[in-house]
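What follows is a set of notes on a single structure, which appears directly below.
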Amino acid sequence: MNRHGTGGNRSVGVIAQYGSVEAARRAIEVLREEGFEDLEVYSPIPAPELEEAMGIDSSPVRLWALIGAITGCATGFLLSAGASLAYPLVTQGKPIISMPPFFVVMFELAILLTGIFALFSMLVHARKPKLTLSPSYRAAFSVDRWGVFVAAGADRQADAERLLGETDPLAVEVMA
Amino acid sequence: MATAAREIEQVYPTPTLADANEDICRPILVPSWRYALLLSIAIGGVALGGAAWAYQIHKGIGVTGINHPVGWGVYITLFVFWVGIAHSGTLISAILYLFRSGWRTTINRAAEAMTIFAVMTAGLFPLIHLGRVWYFYWLMPYPSQRMIWPDFRSPLVLDVFAVGTYFTISLIFWYTGLIPDLAALRDKFRGWKSKLYGLLSLGWEGSVREWRHYRRAYLIMAGIATPLVLSVHSVVSWDFALAIVPGWHSTIFAPYFVAGAIFSGVAMVITLMVGLRWAFGLEAYVTEYHFENMAKLMLLTSLIVGYAYAVEYFLAYYSADPIEQDSFLWRAFGAYAGPFWIMVFCNVIVPATLWFRDIRRSIPALFVIAVFVNIGMFYERFVIIVSSLAHEYLPSGWGNYTPSWVEISILIGSFSWFYMWFLIFAKTLPVISIAEVKEHLAHEQAHEQAAGRVGGAE
């Protein structure tokens, strides 16, 4: 059992639907003030204000992107310099290790790996791919509704339902 | 503030979030005979190009018009042309994203798709041009038994990296942008369609925790795609500029090619968006306002391209190098004077009409101008490549080139291949980014509500 009384079960709780980012933000604030921290919030559009209301830090994806950039740059140098040393043929009167053309390969591979690392780190951190949708997800959340799900066991469901009911939701549903 | 509000009003008229979902998803996977006809024509063109390529593989590269001294003909012209077309997609999606230009939202998806299909088309041409296509893997740096590695000081090898990276990053960027929309399609459909889009959306739910990583990744991708766009056509231009051929050996080639690429790419976006808007009834989303902005971008890049044409002539004159001067005189008045003047007419004179606001806001006029620009940019690449090679240093080494029927068939095939993919895209995926349109609509609603509250308090 965790402190929300759900035993870590994200299919037990209360879910409310809203028609705007602002309404969803107010609901998150009310819930957090009352000590409900185990929330899942759905939005059809990117909404930084909701991340802020939930107290989420900025994403570690940027660190992975930087690692990708450094790896790509190093790979570009090792590949072009290594290939040139393995087959040391002077062309165009340039030195065997000739930085200006190698820089292009380093640059391109840095960009390539930054993009690949950004994509895959986003997927890993967002727990994707996932074959089944969460029990608290509703199809309307990809259209024009914002959803606030609060995980709450039987003892706290009434409280959560009351609090969410006071935030002018379009619908409230208890998932027992 | 007033300007921002007016801009939002111009970008989107009045659809609600649910309308946007419905309007954009409506044509997806719905059969129509017009679509089937267009797709059949495109597939027919691909079959023609494919047959011509098969014939070339069977008979050898001698069936083309390429010979000494013009070793690069229509194939390399088309390679440069299609890489150029690919440029405006990432320009619109990445650079305008970083500048927070609201007008990009309705056109970025189609422009990005166009980028990917244009690179897919461009990528075929080095292979077709190889002749013995089964040796294409020699381009790759891998430890072989022969101990021979590609020459990393050659711009041709750098080009493999530039175009390969551009394709991969454009694909990743496009797919990342598609994920929330694929989830919207999953939720809209039932049965196998829902399962298919569900798989493609990777189980996206739009939770705030997902968006947090998504927003960061998308911003990083836009950030890296921006220098990448500028680098790719620069590297392509060095395929020419690093050779000592008169007409190619020039320091202005990188910016000249990048401007030309954006110019031709925007023209292609206009050509395709006019068709999509008409076919799918997207008038409420893609308005004159968007077309006018694209027209301005086309006018700007036309001026840069026109300036580059003039500077090339000035540099030839100022170099006091008789061979350089002769090469440029021959370009305008020699065997390829026709293509040269078509290029000047289509790329400099026709786009000058865009100075008039009424023309910029007239969609039929813009369509015609964009088609002229597409033709003009093909001829620009042709003139640069062929007229320079045909008239190098020694008169004994001069010689002209005429494309054969095989090359013309492959040219038709390449346009059909590009349109085939675009048509498939238009029927299977949302041609406008649903999530981004909704984001703007939601901001507009919030803005109106805030204005209403202020008005009420007064």
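The values are calculated or read from the model by the stated rules, or taken from the named source; none is laboratory data. It should be emphasised that the depicted structure is a prediction, and the values quoted were computed from it without experimental measurement. Glycine also receives a Cβ, built like all others from the backbone with ideal geometry; neighbour counts cover every protein chain displayed. All accessible areas refer to the heavy atoms of the entire protein, side chains included, with ligands and DNA or RNA removed. Shrake-Rupley method; radii C 1.70, N 1.55, O 1.52, S 1.80 Å.
Considering the range B:318-458, its Cα convex hull presents a mean projected area of 16.1 nm². Across chain B, the longest run free of exposed loop sites, meaning chymotrypsin sites (Phe, Trp or Tyr not before Pro) lying outside DSSP classes H, G, I, E and B with no more than 13 other Cβ atoms within 10 Å, spans B:100-355.
Between the residues B:179, B:338, B:164, the greatest Cα displacement towards the positive end of the dipole of chain B, with unit charges on the Cβ of Lys, Arg, Asp and Glu, is found for B:179. The alpha carbon radius of gyration of the range B:108-252, expressed as a multiple of 2.2 N^0.38 Å, is 1.37.
Share of Cα-Cα pairs in the protein assembly as shown beyond 40 Å, in percent?
Result for the distance tail: 36 percent.
So, for the range A:1-160, what is the accessible surface per residue at a probe of 1.4 Å, expressed in square angstrom? It would help to have the intermediate numbers written out before the result.
On the way: 7090 Å² over 160 residues.
The answer is 44 Å² per residue.
Dipole orientation for chain A: of the candidates A:11, A:117, A:35, A:117 has the Cα lying most toward the positive pole (charges on Cβ; Lys, Arg +1; Asp, Glu -1).
Taking GluC sites (Glu not before Pro) as exposed when DSSP calls them loop (any state but H, G, I, E, B) and at most 15 other Cβ atoms lie within 10 Å, what is the longest stretch of chain A free of them, the sites themselves excluded?
It runs A:38-165.
In the protein assembly as shown, a dipole from Cβ-located charges (positive for Lys and Arg, negative for Asp and Glu) runs towards its positive end, and of B:262, B:422, B:273 it is B:422 whose Cα lies farthest in that direction. Legend: residues in the range A:102-127 shielded by at least 50 square angstrom of accessible surface upon adding the remaining protein chains to the isolated chain (1.4 Å probe, heavy atoms) are A:104, A:105, A:108, A:111, A:112, A:119, A:122.
Sorted largest first by accessible area at a 1.4 angstrom probe radius, with every protein chain in place, the residues B:199, A:89 fall in the order B:199, A:89. In chain A, the calculated helix contribution to ellipticity at 222 nm averages -16000 deg cm²/dmol per residue, counting -39,500 (n - 2.57) for every DSSP H run with n ≥ 4.
When only Cα pairs below 8 angstrom with a gap of at least 6 residues are kept, chain B shows a relative contact order of 31 percent. Of the residues A:158, A:23, A:74, the one that moves most in a GNM of chain A with alpha-carbon contacts below 10 Å is A:74.
With the cut-off at 20 Å, report for the range B:263-392 the share of all Cα pairs above it, as a whole percent. The calculated P(r) of the range B:263-392 puts 49 percent of pairs beyond 20 Å. The charge dipole of chain B, taken about its Cα centre with unit charges on the Cβ of Lys, Arg, Asp and Glu (plus for the first two, minus for the last two), comes to roughly 1060 debye. Measuring r between the beta carbons of residue A:124 and residue A:75 and using R0 = 22 Å, the FRET efficiency lands at 0.55.
Sorting the Cα pairs of the range B:13-113 by distance into bins of 10 Å, from 0 upward, gives 11, 22, 29, 22, 12, 4, 0 percent per bin.
Given a Förster radius of 35 Å and the C-beta distance between residue B:329 and residue B:130 as r, what FRET efficiency does 1/(1 + (r/R0)^6) yield to the nearest 0.05? With a Förster radius of 35 Å, E is 0.55.
Two-decimal Rg/Rh of the range A:61-125 from alpha-carbon positions, Kirkwood Rh?
Ratio value, two decimals: 1.15.
Relative contact order, whole percent, for the range A:61-125 stands at 57, derived from Cα pairs under 8 Å and 6 or more residues apart.
Once all protein chains are placed together, residue B:195 keeps about 150 Å² accessible to a 1.4 angstrom probe.
Would you kindly state how much longer the chain becomes between residue B:196 and residue B:449 on full extension, computed as 0.36 nm times their sequence separation minus their alpha carbon distance, in nm to one decimal?
Extra length available between residue B:196 and residue B:449 comes to 87.3 nm.
Listed by chain and number, the lysines whose C-alpha is less than 27 Å from the C-alpha of residue A:130, apart from same-chain residues fewer than 8 away, are B:188, B:193, B:195, B:427, B:438.
Rounded to the nearest 20, the Cβ-based charge dipole of the protein assembly as shown about its Cα centre (Lys and Arg +1, Asp and Glu -1) stands at 1460 debye.
Counting only Cα atoms, chain B measures 84, 50, 44 Å along its principal axes, largest extent leading.
With the full set of protein chains in place, find how many percent of the accessible area of the range B:122-253 is carbon and sulfur; take the probe as 1.4 Å.
71
Chain B contacts chain A over a buried accessible area of about 5300 Å², both sides summed; the probe is 1.4 Å and only protein chains count. Taking Cα atoms only, the orientation of helix B:191-200 departs from the longest principal axis of chain B by about 60 degrees. Set against the 2.2 N^0.38 Å expectation for a compact globular protein, the range B:82-173 has a Cα radius of gyration ratio of 1.33.
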